[in-house]
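Supplied in structure tokens, the structure appears directly below.
The values are calculated or read from the model by the stated rules, or taken from the named source; none is laboratory data. The shown structure was predicted, so the numbers you read here are calculated from the model rather than taken from an experiment. Ideal geometry is used to build each Cβ from the backbone, glycine not excepted, and the neighbour counts take in all protein chains shown. Quick note on the areas: whole protein, heavy atoms, side chains included, nothing else; ligands and nucleic acids left out. Shrake-Rupley method; radii C 1.70, N 1.55, O 1.52, S 1.80 Å.
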Amino acid sequence: MDKVRYGIIGIGNMGSGHCKSLDGGLVKDACLTAVCDIKPERLQWAKENLSPSVALFDNDEEFFEKAQIDVVIIAVPHYQHPPLAIEAFRRGLNVITEKPAGVYTKQVREMNEAAAKSGKLFGIMYNQRTNPVYQKVKDLVESGELGEIKRVVWIITSWYRTQSYYNSSSWRATWAGEGGGVLLNQDPHQLDLWQWMCGMPKRVRAFMQYGKGRDIEVENDVTAYVEYPNGATGLFVTSTHETPGTNRLEISADKGKLVVEDDKITFWRNRVGEQEFNANYQQGFGEPECWKCEIPTPGENKQHVGILENYTAALLHKTPLLAPGEEGIKGLSISNAMHLSAWTDSWVELDSLDEELFYQLLKKRADESKFHKVSSEVTLDVTGTH
């Protein structure tokens, strides 16, 4: 294989961006050979903006049957990610799915099982993993430079969205169309990075507001408290109705405090770890000597192109995947647990998440969603079928 041949299902906002990257030669050793979309206007866009050699399809069945591709990128509404990925694996294709991996873990687990059975390469478009800032945070945590984590707080309220944004498509911010709000649309990257850098929490207690200041069905204001296996705690705060918003990650640990804000890492480093200082200090009031350090983050933040480059290299040269598709279930598990906690007004354990209960409560909301009543687009039910 000299070049990896990519096909894309769904050439809307995200899919068209991948089209431009691949067809424009921005991804080494890769090319775009086929696209598929059910909307005539998107296929017309493709005809006018992509190379004549790119085949155009208006349904996924014909696409899977005739497209000359090695990899399919799935960039359609959330509910369809797993069923289309499963079909691609069945047909012997490699897969990259857009985030989130799906809407509910029960379905995503089936997708992961299909990937494992197929033996094909499975990736997910977690492009924030290419950011040198978050790669450095992961390195500092895993190397032991911070010592044992005590608390993690992520305030991510810089997702401001107006009512006109939500009005732009009938599927937006509906339980039947998207399957969730800020946690499923805007925050999958942060939830993934959170667990990627700091590990999976043990349990969660979440509180949500639905349609705060907006005429929408789903959550747009979330505050969640988590506990980790080592006794550390965490807080995740997010919204789409605040402006100006905040994007600040703070990790408090034995050897100091790490703050990520404005694409910079600041490390307030304790000269002596807190536990050691506490065990040995005998003079009452006092704190360890602390140094403020600006942490360098060399490297290029290639975002989506970086994921495509890494995936292509993995196919051609066995390079380790930066964002394996199987890991998509981790951030989604946190999201599902937060929803289930809010819906049941109780704690939810991550390692015993009741997937069937979550599915039934989600389905109830999807069945009552206004998307079924007003949409002239293809309507999806909660199973993801056409």
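In whole Hz, what ³J(HN,Hα) sequence does segment 183-193 give by Karplus (6.51, -1.76, 1.60; θ = phi - 60°), x for Gly and Pro?
Those phi angles translate into 5, 9, 9, 8, 8, x, 5, 5, 5, 5, 4 Hz.
Shape verdict for segment 242-374, please, from the Cα gyration tensor: rounded (a/c under 1.5), prolate (a/b greater than b/c) or oblate.
The shape class here is oblate.
Please work out the average accessible area per residue across the chain, using the 1.4 Å probe convention, and give it in Å².
45
Quick one: dipole size for the chain, taken about the Cα centre, charges +1 on Lys/Arg Cβ and -1 on Asp/Glu Cβ, in debye to the nearest 20.
Around 280 debye, computed over the chain.
Here's a follow-up. Please give the contour-minus-distance gain from GLU41 to ASP262: 0.36 nm per residue of separation, less the Cα-Cα distance, rounded to one decimal in nm.
75.8 nm
Additional query: Tell me, what is a quarter of the convex hull surface for the C-alpha atoms of segment 175-332, in nm² with one decimal?
Projected area, direction-averaged: 13.7 nm².
Between LYS117 and GLU61, what length in nm is gained on full extension when 0.36 nm per residue of separation is reduced by their alpha carbon distance?
Full extension from LYS117 to GLU61 adds 18.0 nm.
Report, to two decimal places, the Cα Rg of segment 230-290 normalised by 2.2 N^0.38 Å (N = number of residues).
Scaled against compact globular proteins, the figure is 1.49.
First measure r as the distance between the Cβ atoms of ASP367 and ASN280, then evaluate 1/(1 + (r/R0)^6) with R0 = 56 Å and state the FRET efficiency to the nearest 0.05.
0.35
What is segment 291-343 by shape, rounded, prolate or oblate, if you read a ≥ b ≥ c off the alpha carbon gyration tensor as root eigenvalues and call it rounded for a/c under 1.5, prolate for a/b larger than b/c, and oblate otherwise?
It is oblate, given that a/c is not under 1.5 and a/b is not larger than b/c.
Could you list the residues of segment 104-132 with an amide nitrogen less than 19 Å from a label point located 7 Å from the Cα of THR344 in the Cα-to-C-beta direction?
In segment 104-132, the label zone of THR344 (backbone N under 19 Å from the point 7 Å along Cα→Cβ) covers 104-109.
Only four residue types carry charge here, +1 at the Cβ of Lys and Arg and -1 at the Cβ of Asp and Glu. Report the dipole size of segment 124-232 about the Cα centre in Debye, rounded to the nearest 20.
Dipole magnitude for segment 124-232 comes out near 120 debye.
Taking all protein chains as present, what is the carbon and sulfur share of the accessible area of the chain, in % to the nearest whole number, probe 1.4 Å?
Carbon with sulfur: 48 percent of the solvent-accessible area.
Mind scanning LYS212/LYS364; LYS28/LYS106; LYS20/LYS370 and naming the pairs with a C-alpha gap bigger than 25 Å?
The answer is LYS28/LYS106; LYS20/LYS370.
Which of the peptides 217-227, 15-25 is most tightly packed, and how do the rest follow, judged by the mean count of other Cβ atoms within 10 Å per residue?
217-227, 15-25
Using a 7 Å offset from the Cα along the Cα-to-Cβ direction at both GLU142 and MET1, what is the distance between the two label points in nm, to one decimal?
Simple spin-label model gives 2.4 nm for this pair.
With the contact rule set at Cα under 8 Å and sequence spacing of 6 or more, what percent relative contact order holds for the chain?
Taking the mean separation of contacting Cα pairs over the length of the chain, I get 19 percent.
Hey, can you grab everything whose amide H is under 5 Å from the amide H of GLY123? Only 5+ residues off in sequence or another chain; H modelled, so Pro and N-termini drop out.
It is VAL95, ILE96, THR97, GLY325, by chain and number.
What list of ³J(HN,Hα) couplings, whole Hz, do you get for segment 169-179 from phi and the Karplus terms 6.51, -1.76, 1.60, once you set θ to phi - 60° and write x for glycine and proline?
My calculation for segment 169-179 gives 8, 5, 7, 5, 6, 10, 5, 7, x, 10, x Hz in order.
Also, I was wondering about something else. Extension gain ASN167-LEU235, at 0.36 nm per residue separation less the Cα-Cα distance, in nm?
Extra length from ASN167 to LEU235 when fully extended: 21.4 nm.
Hey, which aspartates and glutamates would be in cross-link range of LYS150, C-alpha to C-alpha under 12 Å, not counting anything within fewer than 8 residues on its own chain?
Qualifying aspartates and glutamates at Cα under 12 Å: GLU227, GLU250, ASP254, GLU274.
Okay, next question. Alpha carbon centre of segment 115-143 versus segment 326-355: separation in Å?
Result: 21 Å between the Cα centres.
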